[in-house]
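Below is one structure, written out as structure tokens, with a few remarks after it.
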Amino acid sequence: MSRHSDKAREVLLDAAEELFALHGIDAVSNRKITEHAGTANHSAIKYHFGSRADLLRAMVQRAVGDVYAIREKLPLNSDVSALNLREQVTLYTLPLVYSFDALPKPSWRAKFLFQALLRPDLTDVLAGLVDEDFRGKDFPRRLPPELEGLPDVVISARAKILGLMLLGLCAEYEDSVNEGEQLGTWESVGYFLIDSVVGMMAAPSTSPADFMDFSQR
């Protein structure tokens, strides 16, 4: 792919990210994206990405790639099974927060990803925000000691709730940064989220979770 074509793709991805964040994924047409990107070719999305679903996947994959690039630089043990709960949560949370901080301002990625998290058709791509080694097929054997004894369904339910909480708070903070009204820093947001996630994940389970069945979701 040529450098010009790569640039055109990036401009379209940026335009879609902003419009989806501001107006909602289903409220924005491909034509509006191409116009916002400054191209007269209203077939540009089809040319560069294929279907609209392919565009959405490319947007999420770009975000995942940025997170991976930062995660690789963290001074954490590469053997995930050797990490305690806080270290595992840090491995997931800080690169995500740092990736938002690294974006040009104003930015729209956290708000877009929060919306994408609610779409079943993007679930498998969003799972890439936690790499295969971290959530691998033998994930139950990789659980940190702090989660031992908790029912699997409780762990899954808490993880789903916390994913929404994490991206929801990041989306709100992103808005405050865009408006020049933020308090603290993205890093302080990250450590607040780490503390919150660790506390909720490790909390005791005092009631049966038989009303939840995440195997069907």
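Residue 157 - would you say it is modelled with pLDDT under 95, over 20 Å from residue 112 (Cα atoms), open to solvent by less than 50 Å² (accessible area, probe 1.4 Å) and assigned to a loop (DSSP other than H, G, I, E, B)?
Considered against the rule, which asks whether it is modelled with pLDDT under 95, over 20 Å from residue 112 (Cα atoms), open to solvent by less than 50 Å² (accessible area, probe 1.4 Å) and assigned to a loop (DSSP other than H, G, I, E, B), residue 157 comes out as no.
How about segment 19-34: which of its residues are assigned to a loop (DSSP other than H, G, I, E, B) and hydroxyl-bearing (Ser, Thr, Tyr)? Please lay out each step first, then the result.
From segment 19-34, those assigned to a loop (DSSP other than H, G, I, E, B) are 24, 28-29; that's our starting set.
The one that is assigned to a loop (DSSP other than H, G, I, E, B) and hydroxyl-bearing (Ser, Thr, Tyr): 29.
Do we have residue 122 as under 14 Å from the mean Cα position of the chain (by Cα) and of a type in the set (A, V, I, L, M, F, W, C) here?
On the way: under 14 Å from the mean Cα position of the chain (by Cα): yes; of a type in the set (A, V, I, L, M, F, W, C): yes.
Here the answer is yes, as residue 122 does meet what is asked.
Would you say residue 94 is under 13 Å from the mean Cα position of the chain (by Cα) and at pLDDT below 95? So that I can check it myself, show each step before the final result.
Values: under 13 Å from the mean Cα position of the chain (by Cα): yes; at pLDDT below 95: yes.
Yes.
Name the single residue that is modelled with the highest pLDDT among those in segment 67-84 being crowded, with 18+ Cβ neighbours inside 10 Å and in a helix (DSSP H, G or I).
Checked segment 67-84; the qualifying residue modelled with the highest pLDDT is 67.
Has segment 29-48 got at least one residue that is touching a residue at least 60 places away in the same chain (Cβ under 8 Å) and of a type outside the set (Gly, Ala, Ser)?
Taking every residue of segment 29-48 in turn, none turns out to be touching a residue at least 60 places away in the same chain (Cβ under 8 Å) and of a type outside the set (Gly, Ala, Ser).
Look through segment 35-66, keep the residues that are outside any helix (DSSP H, G or I) and crowded, with 16+ Cβ neighbours inside 10 Å, and return whichever of them is farthest from the chain's Cα centre (by Cα). Can you show your working first?
Taking segment 35-66 as the starting set, the residues that turn out to be outside any helix (DSSP H, G or I) are 37-43, 49-51.
Remaining after also requiring crowded, with 16+ Cβ neighbours inside 10 Å: 37, 39, 49.
Numbers: 37: 24, 39: 28, 49: 21 Å.
It comes out as 39.
Considering only segment 184-208, state which residues are over 17 Å from residue 84 (Cα atoms) and in a helix (DSSP H, G or I).
The answer is 186, 187, 188, 189, 190, 192.
Determine which single condition residue 51 fails, assuming it passes every other condition in (1) more than 30 Å from residue 182 (Cβ to Cβ); (2) modelled with pLDDT of 95 or more; (3) of a type in the set (S, T, N, Q).
All conditions pass for residue 51, except number (2).
Within segment 179-217, how many residues turn out to be among the polar types (S, T, N, Q), loosely packed, with under 15 Cβ neighbours inside 10 Å and over 16 Å from residue 98 (Cα atoms)?
Of the residues in that region, 5 qualify.
The values are calculated or read from the model by the stated rules, or taken from the named source; none is laboratory data. This is a predicted model, so every value here is computed, not measured. Here the Cβ is made from the backbone with ideal geometry for all residues, glycine too, and neighbour counts use every protein chain on show. Surface accessibility is based on the protein's heavy atoms, side chains included, excluding ligands, DNA and RNA. Shrake-Rupley method; radii C 1.70, N 1.55, O 1.52, S 1.80 Å.
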